[in-house]
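One structure below.
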Amino acid sequence: MSTADEKELWSFAFAGLRFHLDKKFQSQFLLEKSMLKDCTGEISGEEVLGDVYVHLRFQDGIFVLRTDAPQWQWQGSQGQGVWGGAQVSMSLKSEVIFDAQMTVECNLAAFVDGLIAIAIAILRRSNALIFHAAGIECQGTAVLFVGPSGAGKTTAANLSELPWFVVDRVALIRDQHAWVAWALPGGEKEALQQPFCGNIHLPLRAIYGVRQGSTSQIHDMQRLRQAMLLQQNVLTELATENAGSLLEALDDLTQTTEVAEIETVLERSHRALLENRASEK
(Lines give C-alpha, C1' and ligand atoms only; values in the text may rest on other atoms or scores of the structure.)
Protein backbone atom coordinates (compact mmCIF):
# COMPACT_ATOMS: atom_id res chain seq x y z
CA MET A 1 0.00 0.00 0.00
CA SER A 2 1.32 3.44 -0.86
CA THR A 3 0.13 7.00 -1.13
CA ALA A 4 -0.32 6.37 -4.86
CA ASP A 5 -3.24 4.08 -4.09
CA GLU A 6 -5.39 6.77 -2.41
CA LYS A 7 -8.53 5.89 -4.40
CA GLU A 8 -8.39 2.30 -3.12
CA LEU A 9 -8.01 3.25 0.51
CA TRP A 10 -10.41 3.44 3.43
CA SER A 11 -9.28 6.59 5.21
CA PHE A 12 -10.48 8.16 8.45
CA ALA A 13 -9.29 10.47 11.23
CA PHE A 14 -8.58 9.34 14.78
CA ALA A 15 -6.48 10.85 17.59
CA GLY A 16 -4.82 13.49 15.46
CA LEU A 17 -3.86 10.97 12.77
CA ARG A 18 -5.05 9.97 9.31
CA PHE A 19 -5.45 6.20 9.09
CA HIS A 20 -5.40 4.42 5.71
CA LEU A 21 -6.33 0.77 5.06
CA ASP A 22 -7.36 -1.36 2.10
CA LYS A 23 -10.90 -0.29 1.19
CA LYS A 24 -12.15 -3.89 1.31
CA PHE A 25 -12.03 -3.78 5.12
CA GLN A 26 -14.44 -0.84 5.43
CA SER A 27 -17.57 -2.98 5.21
CA GLN A 28 -16.03 -5.73 7.39
CA PHE A 29 -15.16 -3.51 10.35
CA LEU A 30 -17.95 -1.02 11.05
CA LEU A 31 -16.41 1.56 13.36
CA GLU A 32 -19.82 3.12 13.99
CA LYS A 33 -20.69 -0.06 15.89
CA SER A 34 -17.55 0.01 18.02
CA MET A 35 -16.17 1.96 20.95
CA LEU A 36 -14.57 4.30 18.38
CA LYS A 37 -17.98 5.49 17.19
CA ASP A 38 -17.59 8.97 18.72
CA CYS A 39 -13.81 9.21 18.17
CA THR A 40 -13.39 8.62 14.42
CA GLY A 41 -14.57 10.67 11.47
CA GLU A 42 -13.78 12.11 8.10
CA ILE A 43 -10.33 13.54 7.43
CA SER A 44 -10.29 17.31 7.86
CA GLY A 45 -6.66 18.23 7.23
CA GLU A 46 -6.15 19.09 10.91
CA GLU A 47 -4.58 15.73 11.77
CA VAL A 48 -1.19 17.21 12.63
CA LEU A 49 0.48 13.96 13.74
CA GLY A 50 0.46 12.56 10.20
CA ASP A 51 -0.55 9.48 8.20
CA VAL A 52 -0.59 5.81 9.18
CA TYR A 53 -0.72 3.19 6.42
CA VAL A 54 -1.99 -0.03 8.00
CA HIS A 55 -1.33 -3.48 6.51
CA LEU A 56 -3.71 -6.01 8.04
CA ARG A 57 -3.53 -9.76 8.46
CA PHE A 58 -5.52 -12.20 10.58
CA GLN A 59 -4.46 -14.81 13.10
CA ASP A 60 -6.46 -16.74 15.71
CA GLY A 61 -5.49 -17.02 19.34
CA ILE A 62 -4.08 -13.54 19.95
CA PHE A 63 -5.00 -12.05 23.31
CA VAL A 64 -3.10 -9.94 25.80
CA LEU A 65 -4.61 -8.54 28.99
CA ARG A 66 -5.81 -4.97 28.40
CA THR A 67 -4.05 -2.65 30.81
CA ASP A 68 -4.31 1.15 30.92
CA ALA A 69 -1.79 1.38 28.09
CA PRO A 70 -0.72 -0.93 25.27
CA GLN A 71 2.61 -2.66 25.85
CA TRP A 72 4.80 -0.79 23.40
CA GLN A 73 8.50 -0.27 22.78
CA TRP A 74 10.22 2.05 20.33
CA GLN A 75 13.78 1.47 19.15
CA GLY A 76 14.74 4.37 16.94
CA SER A 77 12.29 4.49 14.02
CA GLN A 78 10.93 0.98 14.72
CA GLY A 79 8.28 0.02 17.24
CA GLN A 80 6.40 -3.06 18.41
CA GLY A 81 3.38 -3.42 20.64
CA VAL A 82 0.58 -5.71 21.77
CA TRP A 83 -2.82 -5.04 23.29
CA GLY A 84 -5.97 -7.10 23.54
CA GLY A 85 -6.48 -9.00 20.31
CA ALA A 86 -3.79 -7.22 18.30
CA GLN A 87 -0.05 -7.35 17.62
CA VAL A 88 1.47 -4.35 15.87
CA SER A 89 4.84 -3.43 14.43
CA MET A 90 5.47 0.02 13.05
CA SER A 91 8.18 1.91 11.21
CA LEU A 92 8.61 5.65 10.83
CA LYS A 93 8.99 6.58 7.15
CA SER A 94 9.23 10.29 7.92
CA GLU A 95 8.28 12.54 10.82
CA VAL A 96 4.63 12.36 9.74
CA ILE A 97 4.31 9.06 7.82
CA PHE A 98 4.05 5.71 9.62
CA ASP A 99 3.88 2.21 8.15
CA ALA A 100 2.09 -0.29 10.41
CA GLN A 101 1.79 -4.08 10.23
CA MET A 102 -1.22 -5.15 12.30
CA THR A 103 -1.99 -8.81 13.09
CA VAL A 104 -5.40 -9.29 14.70
CA GLU A 105 -8.06 -11.84 15.42
CA CYS A 106 -10.78 -11.52 12.77
CA ASN A 107 -13.32 -9.51 14.76
CA LEU A 108 -14.21 -5.87 15.30
CA ALA A 109 -13.00 -5.69 18.92
CA ALA A 110 -9.50 -6.94 18.00
CA PHE A 111 -9.33 -4.58 15.04
CA VAL A 112 -10.18 -1.66 17.32
CA ASP A 113 -7.53 -2.86 19.80
CA GLY A 114 -4.95 -2.52 17.04
CA LEU A 115 -6.03 0.98 16.04
CA ILE A 116 -5.90 2.14 19.66
CA ALA A 117 -2.45 0.60 20.16
CA ILE A 118 -1.14 2.43 17.09
CA ALA A 119 -2.69 5.76 18.12
CA ILE A 120 -1.39 5.60 21.69
CA ALA A 121 2.10 4.66 20.51
CA ILE A 122 2.29 7.65 18.16
CA LEU A 123 0.75 10.03 20.68
CA ARG A 124 3.33 8.87 23.21
CA ARG A 125 6.19 9.32 20.73
CA SER A 126 4.90 12.78 19.79
CA ASN A 127 4.72 13.97 23.42
CA ALA A 128 1.00 14.64 23.19
CA LEU A 129 -0.80 14.89 26.53
CA ILE A 130 -3.42 12.30 27.43
CA PHE A 131 -5.78 13.20 30.27
CA HIS A 132 -8.30 11.31 32.34
CA ALA A 133 -11.20 13.72 31.88
CA ALA A 134 -14.85 14.19 31.00
CA GLY A 135 -15.54 16.89 28.46
CA ILE A 136 -18.28 18.89 26.79
CA GLU A 137 -18.54 21.26 23.84
CA CYS A 138 -19.15 24.89 24.78
CA GLN A 139 -19.44 27.50 22.02
CA GLY A 140 -17.39 25.40 19.63
CA THR A 141 -14.59 24.62 22.09
CA ALA A 142 -13.74 21.78 24.47
CA VAL A 143 -14.17 22.23 28.22
CA LEU A 144 -12.68 19.39 30.28
CA PHE A 145 -13.48 18.33 33.84
CA VAL A 146 -10.71 16.56 35.76
CA GLY A 147 -10.30 15.04 39.18
CA PRO A 148 -9.79 11.71 40.93
CA SER A 149 -12.27 8.87 40.57
CA GLY A 150 -15.52 9.83 42.29
CA ALA A 151 -14.82 13.57 42.18
CA GLY A 152 -17.89 14.20 40.03
CA LYS A 153 -16.51 14.66 36.51
CA THR A 154 -19.51 12.99 34.85
CA THR A 155 -21.88 14.92 37.10
CA ALA A 156 -20.18 18.21 36.25
CA ALA A 157 -20.50 17.47 32.54
CA ASN A 158 -24.15 16.53 32.90
CA LEU A 159 -24.88 19.68 34.92
CA SER A 160 -23.50 21.76 32.07
CA GLU A 161 -26.53 20.73 29.96
CA LEU A 162 -24.23 20.97 26.93
CA PRO A 163 -23.33 18.25 24.39
CA TRP A 164 -20.79 15.64 25.42
CA PHE A 165 -17.37 15.56 23.78
CA VAL A 166 -15.45 12.86 25.70
CA VAL A 167 -16.41 10.55 28.56
CA ASP A 168 -13.12 9.41 30.07
CA ARG A 169 -10.00 10.05 27.96
CA VAL A 170 -8.79 12.87 25.74
CA ALA A 171 -5.60 13.60 23.81
CA LEU A 172 -4.30 17.16 23.78
CA ILE A 173 -2.12 17.97 20.77
CA ARG A 174 -0.28 21.25 20.27
CA ASP A 175 -0.51 22.74 16.78
CA GLN A 176 1.10 25.99 15.65
CA HIS A 177 -1.54 28.12 17.33
CA ALA A 178 -3.10 26.35 20.30
CA TRP A 179 -3.92 23.07 22.02
CA VAL A 180 -6.50 20.90 20.28
CA ALA A 181 -8.49 18.22 22.10
CA TRP A 182 -9.03 14.89 20.31
CA ALA A 183 -11.60 12.40 21.56
CA LEU A 184 -10.34 9.01 22.75
CA PRO A 185 -12.47 5.97 23.61
CA GLY A 186 -13.27 4.91 27.15
CA GLY A 187 -15.77 5.31 29.95
CA GLU A 188 -19.33 4.22 30.60
CA LYS A 189 -22.02 6.07 28.66
CA GLU A 190 -25.12 4.93 30.53
CA ALA A 191 -25.11 7.95 32.90
CA LEU A 192 -24.81 10.58 30.15
CA GLN A 193 -27.76 12.98 30.04
CA GLN A 194 -26.92 14.86 26.83
CA PRO A 195 -26.07 13.59 23.34
CA PHE A 196 -22.59 13.75 21.85
CA CYS A 197 -21.61 16.89 19.98
CA GLY A 198 -20.58 15.01 16.84
CA ASN A 199 -17.05 16.47 16.73
CA ILE A 200 -13.97 14.30 17.20
CA HIS A 201 -11.67 17.28 17.82
CA LEU A 202 -12.19 20.78 19.20
CA PRO A 203 -10.01 23.74 20.18
CA LEU A 204 -9.29 23.45 23.90
CA ARG A 205 -10.68 26.32 25.97
CA ALA A 206 -10.56 25.24 29.63
CA ILE A 207 -9.64 22.52 32.10
CA TYR A 208 -11.54 22.60 35.39
CA GLY A 209 -10.80 20.64 38.53
CA VAL A 210 -14.10 19.51 40.04
CA ARG A 211 -15.31 19.79 43.60
CA GLN A 212 -18.79 19.79 45.08
CA GLY A 213 -19.95 22.79 47.07
CA SER A 214 -22.88 25.01 47.96
CA THR A 215 -22.60 27.53 45.10
CA SER A 216 -21.99 27.05 41.41
CA GLN A 217 -18.90 29.09 40.63
CA ILE A 218 -15.46 28.98 39.07
CA HIS A 219 -12.40 29.77 41.17
CA ASP A 220 -9.16 31.02 39.62
CA MET A 221 -6.01 29.16 40.66
CA GLN A 222 -2.41 30.21 41.21
CA ARG A 223 0.17 28.78 38.81
CA LEU A 224 1.48 26.21 41.33
CA ARG A 225 -1.99 24.80 41.97
CA GLN A 226 -2.67 24.74 38.23
CA ALA A 227 0.48 22.69 37.68
CA MET A 228 -0.44 20.29 40.48
CA LEU A 229 -3.94 19.79 39.08
CA LEU A 230 -2.61 18.97 35.62
CA GLN A 231 0.13 16.65 36.91
CA GLN A 232 -2.41 14.72 38.99
CA ASN A 233 -4.66 14.05 36.00
CA VAL A 234 -2.34 13.59 33.03
CA LEU A 235 -1.71 9.94 32.19
CA THR A 236 2.06 10.21 32.09
CA GLU A 237 2.59 6.58 31.18
CA LEU A 238 0.59 7.26 28.02
CA ALA A 239 1.76 10.74 27.23
CA THR A 240 5.56 10.65 27.45
CA GLU A 241 8.50 8.91 29.05
CA ASN A 242 10.47 12.16 29.13
CA ALA A 243 9.68 14.01 32.34
CA GLY A 244 11.29 17.21 31.08
CA SER A 245 9.18 17.29 27.93
CA LEU A 246 6.07 16.55 29.97
CA LEU A 247 6.67 19.42 32.38
CA GLU A 248 7.35 21.81 29.51
CA ALA A 249 4.11 20.80 27.81
CA LEU A 250 2.11 21.19 31.02
CA ASP A 251 3.63 24.62 31.62
CA ASP A 252 2.67 25.68 28.09
CA LEU A 253 -0.84 24.40 28.76
CA THR A 254 -1.23 26.62 31.84
CA GLN A 255 -0.09 29.65 29.83
CA THR A 256 -2.43 29.13 26.87
CA THR A 257 -5.52 27.53 28.47
CA GLU A 258 -7.76 28.45 31.36
CA VAL A 259 -6.98 26.05 34.22
CA ALA A 260 -9.25 26.62 37.21
CA GLU A 261 -11.54 24.94 39.74
CA ILE A 262 -15.29 24.58 39.29
CA GLU A 263 -17.60 24.21 42.28
CA THR A 264 -20.73 22.23 41.45
CA VAL A 265 -24.07 21.82 43.20
CA LEU A 266 -26.09 18.66 42.67
CA GLU A 267 -29.14 19.12 40.44
CA ARG A 268 -28.21 22.75 39.69
CA SER A 269 -27.26 23.61 36.12
CA HIS A 270 -24.10 25.62 35.54
CA ARG A 271 -24.57 26.04 31.80
CA ALA A 272 -24.91 29.83 32.06
CA LEU A 273 -21.77 29.96 34.20
CA LEU A 274 -19.72 28.11 31.57
CA GLU A 275 -21.13 30.10 28.67
CA ASN A 276 -20.53 33.43 30.42
CA ARG A 277 -16.99 32.38 31.28
CA ALA A 278 -16.34 31.43 27.66
CA SER A 279 -17.61 34.81 26.50
CA GLU A 280 -15.41 36.66 29.01
CA LYS A 281 -12.28 34.75 28.00
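Okay, here's what the table says:
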item: Hits in segment 240-259 - residues which are of a type in the set (D, E) and modelled with pLDDT under 85; result: E241
item: Considering residues of segment 164-220 that are of a type in the set (D, E) and assigned to a loop (DSSP other than H, G, I, E, B) only, the residue modelled with the highest pLDDT; result: D168
item: In segment 92-147, residue farthest from S160 (Cα to Cα) [restricted to those that are among the charged types (D, E, K, R) and at pLDDT below 95]; result: K93
item: Residue selected from segment 139-163 under the condition in a loop (DSSP other than H, G, I, E, B) and of a type in the set (A, V, I, L, M), by the criterion surrounded by the most Cβ atoms within 10 Å (Cβ to Cβ); result: L162
item: Residue match in segment 212-221 (condition: in contact with a Gly (Cβ under 7 Å, 6 or more places away or on another chain) and surrounded by fewer than 18 Cβ atoms within 10 Å (Cβ to Cβ)); result: yes
item: Options P203, P195, P163; residue that is more than 17 Å from A260 (Cβ to Cβ), out of contact with any helix residue (DSSP H, G or I) (no Cβ under 6 Å at 6 or more places or on another chain) and touching a residue at least 60 places away in the same chain (Cβ under 8 Å); result: P203
item: Cross-chain or 6+ apart pairs with Cβ under 8 Å, segment 100-128 first and at positive phi, then crowded, with 24+ Cβ neighbours inside 10 Å; result: N127/A239
item: Conditions (1) under 20 Å from the mean Cα position of the chain (by Cα); (2) surrounded by 15 or more Cβ atoms within 10 Å (Cβ to Cβ); (3) at pLDDT below 95; (4) closer than 21 Å to R125 by Cβ; number of the one not met by T67; result: (2)
item: Which listed residue, of S89, S126, S77, is under 30 Å from H177 (Cα atoms) and either over 15 Å from the mean Cα position of the chain (by Cα) or exposed (fewer than 14 other Cβ atoms within 10 Å of the Cβ) (or both); result: S77
item: Residue check for E267: outside any helix (DSSP H, G or I), closer than 25 Å to N158 by Cα and modelled with pLDDT of 95 or more; result: no
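The values are calculated or read from the model by the stated rules, or taken from the named source; none is laboratory data. Here the structure is a predicted model, which is why all the values come from computation and not from measurement. Methodologically, a virtual Cβ is constructed for each residue, glycine included, from the backbone with ideal geometry; neighbour enumeration extends over all protein chains shown.
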